[in-house]
Amino acid sequence: MKYHLMYLLLGLTILSAGCNSQPRKLRILSCGIRHESNTFSTLPTTFSDFKILRGEAISNGQKWADYLKEEGIELIPTVHAYAWPGGIVEKQAYETIKNEILGQIRNAGELDGIYMDMHGALHVDGYADAQVDFIKEIRKIAGEKVIISGSFDLHGNVSDEFVSGLNVLTAYRTAPHRDEAETRLRAVKMLVKCIREKLAPRIECVTIPILVPGEKSITEVEPLNSIYAKLYTVEKREGLLDASIFVGYAWADLPRSSMRVFVIAKDEMYARKAKQEASQIARQIWDARSRLELDVESGSIQEMIKKAELLPQKTVFISDSGDNTTAGAPGDNPQVLKALIDAGCKNALIAGFVDLEAFNQCVKAGIGANVKLVVGGKKDHTFGFSLPLEGIVENFSPDSILATTKAVVLLKVKGIKVALLNSRRSFTTLKDFSDVGLNPLDFKIVVVKLGYLYPELRDIAPAHLIALTSGFCNLDISSLPFKQAKRPIYPLDREMTWLAN
Ligand SMILES: [Zn+2]
């Protein structure tokens, strides 16, 4: 009996040891602070500007999270924070978000990897480079062994010091952006590959002294279309994991603002090869720099209105590029509205115009009311101005009374319809129009506070012109007061020479 019990105990011990030797589920934590910070804007980005996702809201409907699930990998989602492009992020906002993420990393237990969902152009008041601070703090807690992978917007300005804290990274390959989901999935797949195959990847980078706005570096047109296409070939080469071109973000006057090419080697052995590939791409971009220009006709707003009226197309989109809210501008500069009124335009739509005060006045007055307003110049005190006008409140979305962030008031000012917004945002999708009963193709002129058109608009626009308006997103970046950007840099220093090493 005694022996039987002994054997039973021995058996259980072996069994339990056997269970312990089973490899445990891989554990990957995710976090992110995504922001494109316009250092020329005088409008700070505050904590309340951030949309913060936690828990399941992070993984719901995300290809990268579905992939982890299919692979039987445990995801520990922490905080993914995103704010619409704007001015420099307030210190307290960044630190509040960062501290919540760090606290969760501290309590996460043993981790195999971390996925960072970033934009790359984050700039925080009081920090030379907040992204460096962020990665250093993460490393302090997670240690050096945990593999960290980041996905980025190709408009990110990522410094060498920041990148040295990551193990792998990748960026969108389209601008206008059409591949956000694929990019995140690529970053996560690369992370899992590195963990499973116990790789020690190397990130090789070549910084190209070029700083151009996104409108001059569209990936769907040449010269970048064919250069970006090469990334798919490079990443398949033996020993290489990924390749990215960061165009950078031009409205950030920072030493790290620049174009960059990254190629990831699976280990030290292929590092030289990765560097050579990066240099080759960098050289091709440098040689093509004079062709990094707008892909559509541009000029003063008065010229663009005249041109649009003469074009045979039923609808012409005009970008109010200096006040591009998707690149951080306030969106309340009335220069285009004034020009349309002055030109006596009969069938134009301004989609949209940010003015909370005017918005509230219209909602209070009610549908059909005649209103006298002073619009604009309330946020942008540098380039903006006040424009007094009279109009009729045509309609407002039902949620306007609740003042949700999706609310729109339609104001008719002579022949011009103005979509008044209560918060800083842009019309970027067809749904933005249909939500308020608008079809952009019903108008001769549609003004958007964008630079390039976002994919859905780009795909339907019969014609597009860019008005070179003033503002924090002025497309003529040489007119902006750059002080910190590393010089020489093209095109601020047009005659400079450079050789990729
Ligand atoms: Zn972008």
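Only beta bridges with both residues in the chain are counted; by DSSP, about 45 percent of them are antiparallel.
With the dipole of the chain worked out from charges on the C-beta (+1 for Lys and Arg, -1 for Asp and Glu) around the Cα centre, which of Y249, A419, G331 lies farthest toward the positive end? The residue sitting farthest along the positive end of the dipole is Y249.
Can you bin segment 298-475 into rounded, prolate or oblate? Criterion: square roots of the alpha carbon gyration tensor eigenvalues sorted a ≥ b ≥ c, rounded for a/c under 1.5, prolate for a/b above b/c, oblate for the rest.
Here segment 298-475 falls in the rounded category.
Rounded to the nearest Hz, the phi-derived 3J(HN,Hα) couplings of segment 149-154 under the Karplus curve 6.51 cos²θ - 1.76 cosθ + 1.60 (θ = phi - 60°) are 10, x, 10, 9, 7, 5, where x marks glycine and proline. Principal semi-axes of the equivalent ellipsoid, √(5λ) from the alpha carbon gyration tensor of the chain, are 46, 28, 19 Å from largest down. This model, with +1 at the C-beta of Lys and Arg and -1 at the C-beta of Asp and Glu, gives the chain a dipole about its Cα centre of some 780 debye.
Helix 224-234 and the longest principal axis of the C-alpha atoms of the chain enclose an angle of approximately 10°. Fully extending the segment from D342 to E137, taken as 0.36 nm per residue of separation minus the present Cα-Cα distance, adds 68.3 nm. Close amide H partners of G150, meaning residues 5 or more places away or on another chain with modelled amide H under 5 Å apart, are M116, V168, L169, T170. Set the Förster radius R0 to 22 Å, insert the Cβ-Cβ distance between F47 and H177 as r into 1/(1 + (r/R0)^6), and round the FRET efficiency to 0.05. Result of the calculation: an efficiency of 0.30.
Computed extension length for E161-I392: 77.7 nm, one decimal, from 0.36 nm per residue of separation with the Cα-Cα distance subtracted.
For L349, the residues 5 or more places off, or on other chains, whose built amide H falls under 5 Å of its own are K417, I445, V446, V447.
Relative to the dominant Cα principal axis of the chain, helix 130-142 is inclined by about 20°. Computed from point charges on the beta carbon alone (+1 for Lys and Arg, -1 for Asp and Glu), the dipole magnitude for segment 303-386 about its Cα centre is near 260 Debye. For segment 98-170, the orientation-averaged shadow of the C-alpha convex hull comes to 4.7 nm² (one quarter of the hull surface). Amide H to amide H, with H built 1.01 Å from N, I76 comes under 5 Å of I28, L29, S30, counting only residues 5 or more places away or on other chains. Coupling constants for segment 235-241 follow from the phi torsions by the Karplus curve (6.51 cos²θ - 1.76 cosθ + 1.60, θ = phi - 60°), and in residue order they are 5, 8, 5, 3, x, 10, 10 Hz; glycine and proline get x. Applying the criteria of a DSSP loop state and at most 10 other Cβ atoms within 10 Å to the chymotrypsin sites (Phe, Trp or Tyr not before Pro) of segment 438-490 yields no site.
For segment 298-475, the antiparallel share of DSSP beta bridges with both residues in that region comes to about 45%.
Bridgeable lysines around K266 (alpha carbons under 28 Å apart, same-chain partners fewer than 8 residues away excluded): K25, K63, K69, K136, K140, K145, K189, K193, K198, K230, K236, K275. Farthest towards the positive end of the charge dipole of segment 25-291, among the residues H80, G120, A271, is the Cα of A271, using unit charges on the Cβ of Lys, Arg, Asp and Glu. Remark: segment 473-478, residue by residue, has Karplus-estimated 3J(HN,Hα) of 10, 3, 6, 8, 5, 5 Hz, where x stands for each Gly or Pro and the curve is 6.51 cos²θ - 1.76 cosθ + 1.60 at θ = phi - 60°. DSSP loop (so not H, G, I, E, B), at most 11 other Cβ within 10 Å: list which GluC sites (Glu not before Pro) in segment 93-123 pass both filters. Those satisfying the criteria are E110. Starting from the Cα of R196, move 7 Å in the Cα-to-Cβ direction to define the label point; list residues of segment 33-74 whose amide nitrogen is under 18 Å from there. Within reach of a label on R196, which here means backbone N under 18 Å from a point 7 Å along Cα→Cβ, segment 33-74 contributes 63-74.
The slack in the chain from E56 to E303, taken as 0.36 nm per residue of separation less the alpha-carbon distance, amounts to 83.9 nm. Relative to the longest principal axis of the Cα atoms of the chain, the long axis of helix 301-310 makes an angle of roughly 80 degrees.
What trypsin sites (Lys or Arg not before Pro) does segment 137-231 have in DSSP loop regions with at most 14 other beta carbons within 10 Å?
K145, K198
Every number here is computed from the coordinates shown, using simple stated rules; none is lab data. All values derive from a computational prediction rather than experimental measurement. So basically every Cβ, Gly included, is an ideal-geometry build from the backbone, and we count neighbours across all protein chains shown.
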